[in-house]
Amino acid sequence: MPDRRNLDRRHVLAGLAALAPMTMAGRVWAAPKADARLLVVFLRGAYDAANVVIPIGSDFYYAARPTLAIGRPDRTSSTAALPLDRDWGLHPALGGTILPLFEKGQAAFVPFAGTDDVTRSHFETQDTIELGQDISGTRDYRSGFMARLAAELTRVRPIAFTEQMPLTFQGGEPVPNIAIAQVGKPGIDARQASLIGSMYEGRPLGAAVQEGFRVRDDVYTTLSEHMMEASRGAVSPKGFELSARRIGRLMREQFNLGFVDVGGWDTHVNQGAATGYLADRLAELGRGLAGFSEEIGPAWKDTVVVVISEFGRTFRENGNRGTDHGHGSAYWVLGGSVRGRRIAGEQVAVDQQHLFQNRDFPVLTDYRALLAGLFQRLYGLGPASLQRVFAGVTGRDLGLV
């Protein structure tokens, strides 16, 4: 054993230098996780989780959704659910993108997840999630949970892929934000519509063509205004698909803590089932996430993507072949080091008896507890740090990483 008297100042300083990367002003980033990257994808508008992570073992699901239900797994059908396990299936629109990640053990789903906010208001519940504060207290709109997380980490390089600084990054050190393009307008613009209309002017179909364009524009304007309110200006799923590789490049080379919001999920009318509006949006989202995972390259093994939404939707379909504002949702956790290929978290039978207020999925996994458990494993955060991120919350380790 070396004589303590031989430990000179040089040895002491060398030992302190070795410890320095692990602590800074009370913040911690465990050395084994120093290269961790986290991207939070917020689906604004409340996506219909029950038609994405599908309760294929529930007869009640098929009775409650006579036109919207996705068929039980069937290898001969391209519109059937894709089996995840005995009780759950995946929307077929995600078969070429998210299912391969699940089968490689790089994706997990957490049904019955969400908040204790029961307002069913887009704005109220989006704020609840982004702030990550106890809803029974006074809200501090200058303290988002991702800003608080960044404050607990060293070597953190955060970014918001949004037009405006999101609430979740409010407070703390300034965070850069960069907008990704909005798309989704009608395929024929006003000039082209005018040219087509002039071609039919004076002909029997002329009036019908002009009326068709007028109705199209009125419907697009009405639905867009409603959707944009719920989406708060978030990029469309198509816009995310087109920009996800760019996000992957930036997070591979420059940033390690990101947030992006994707709008267009408020499906009150003509939602569709295996095909249609929701299916198209899911396909775009899936291609975007798959493109992100490819573009980030070898760093994927140290990357975690969490996909969340403010709440789920009504379990029963409405009279407009859509779904209304609900409660419990399903979260996605993707990444190269994710312990996937499973449905995680507490579950109950999907039947009328277990509906929340006889209309929605219940919330059995609180999102703050889920994220706190994830942050603990991902970054090595201790209890004191976790309390500064999510005060009064006990982390729930679902073994996702």
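Brief remarks on what is shown
- Pairs where the first residue, in segment 342-363, is at positive phi and the second is modelled with pLDDT of 95 or more, C-beta under 6 Å, 6+ apart: Gly345/Val110; Gly345/Thr365; Gly345/Leu398
- Every residue from segment 236-253 that is outside any loop (DSSP other than H, G, I, E, B) and out of contact with any helix residue (DSSP H, G or I) (no Cβ under 7 Å at 6 or more places or on another chain): Gly239, Leu242, Ser243, Arg246, Leu250, Met251, Glu253
Condition check ((1) within 17 Å of Ala330 (Cα to Cα); (2) among the charged types (D, E, K, R); (3) surrounded by 16 or more Cβ atoms within 10 Å (Cβ to Cβ); (4) touching a Gly at 6+ places or on another chain (Cβ under 9 Å)) across all residues:
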residue: Ile54; (1), (2), (3), (4): yes, no, yes, yes
residue: Ala64; (1), (2), (3), (4): no, no, yes, no
residue: Gly96; (1), (2), (3), (4): no, no, no, yes
residue: Thr119; (1), (2), (3), (4): no, no, no, no
residue: Asp134; (1), (2), (3), (4): no, yes, no, yes
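- The set of residues in segment 290-315 being among the hydrophobic types (A, V, I, L, M, F, W, C) and either outside the structural domain of Phe255 (by TED's automatic domain parsing) or outside any loop (DSSP other than H, G, I, E, B) (or both) consists of Ala290, Phe292, Ala299, Trp300, Val304, Val305, Val306, Val307, Ile308.
- Scanning segment 44-99 for residues that are among the acidic types (Asp, Glu) and out of contact with any helix residue (DSSP H, G or I) (no Cβ under 8 Å at 6 or more places or on another chain) turns up Asp59, Asp74, Asp85, Asp87.
- Within the option set Arg155, Arg120, being over 19 Å from the mean Cα position of the chain (by Cα) and touching a residue at least 12 places away in the same chain (Cβ under 8 Å) holds for one residue only, Arg155.
- Qualifying positions in segment 121-132 - crowded, with 19+ Cβ neighbours inside 10 Å, in contact with a Lys or Arg (Cβ under 8 Å, 6 or more places away or on another chain) and on the phi < 0 side of the Ramachandran plot: His122, Gln126, Asp127, Leu131
- Selection of segment 291-305 for residues being out of contact with any Gly (no Cβ under 6 Å at 6 or more places or on another chain) and surrounded by fewer than 21 Cβ atoms within 10 Å (Cβ to Cβ) yields Gly291, Glu294, Gly297, Pro298, Ala299, Asp302.
- Pairs with Cβ under 9 Å, 6+ apart, first in segment 256-283 and without any contact (Cβ under 8 Å) to a residue 60 or more places away in the chain and assigned by TED's automatic domain parsing to the domain that holds His325, second surrounded by fewer than 20 Cβ atoms within 10 Å (Cβ to Cβ) and not in a loop (DSSP other than H, G, I, E, B): His268/His226; Val269/Leu223; Val269/Tyr277; Asn270/Tyr277
- When Arg72 is tested against the conditions (1) within 26 Å of Arg316 (Cβ to Cβ); (2) in contact (Cβ under 8 Å) with a residue 40 or more places away in the chain; (3) basic (Lys, Arg), the lone failure is (2).
- Hits in segment 131-152 - residues which are in contact (Cβ under 8 Å) with a residue 12 or more places away in the chain and either in contact with a Phe, Trp or Tyr (Cβ under 7 Å, 6 or more places away or on another chain) or hydroxyl-bearing (Ser, Thr, Tyr) (or both): Leu131, Gly132, Tyr141, Ser143, Gly144, Phe145, Met146, Ala147, Leu149
Listed here are the residues, each with its yes/no results for (1) buried (at least 21 other Cβ atoms within 10 Å of the Cβ); (2) under 18 Å from Pro111 (Cβ atoms); (3) under 17 Å from the mean Cα position of the chain (by Cα).
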site: Tyr331; (1), (2), (3): yes, yes, yes
site: Glu346; (1), (2), (3): no, yes, no
site: Leu371; (1), (2), (3): yes, yes, yes
site: Leu378; (1), (2), (3): yes, no, no
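Residue-wise test of (1) modelled with pLDDT of 95 or more; (2) touching a His at 6+ places or on another chain (Cβ under 9 Å); (3) not β-branched (Val, Ile, Thr).
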{"position": "Arg27", "(1), (2), (3)": "no, no, yes"}
{"position": "Arg37", "(1), (2), (3)": "yes, no, yes"}
{"position": "Ala46", "(1), (2), (3)": "yes, yes, yes"}
{"position": "Ile54", "(1), (2), (3)": "yes, yes, no"}
{"position": "Gly57", "(1), (2), (3)": "yes, no, yes"}
{"position": "Tyr61", "(1), (2), (3)": "yes, no, yes"}
{"position": "Ala69", "(1), (2), (3)": "yes, no, yes"}
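- Within segment 79-112, the residues that satisfy the criterion of being part of a loop (DSSP other than H, G, I, E, B), touching a residue at least 40 places away in the same chain (Cβ under 8 Å) and farther than 25 Å from Thr365 by Cβ are Thr79, Gly96.
- Among (1) touching a residue at least 60 places away in the same chain (Cβ under 8 Å); (2) part of a loop (DSSP other than H, G, I, E, B), the one test that Asn318 misses: (1)
The values are calculated or read from the model by the stated rules, or taken from the named source; none is laboratory data. Bear in mind the structure is a predicted one, so any value in this text is a computation, not a measurement. Here the Cβ is made from the backbone with ideal geometry for all residues, glycine too, and neighbour counts use every protein chain on show.
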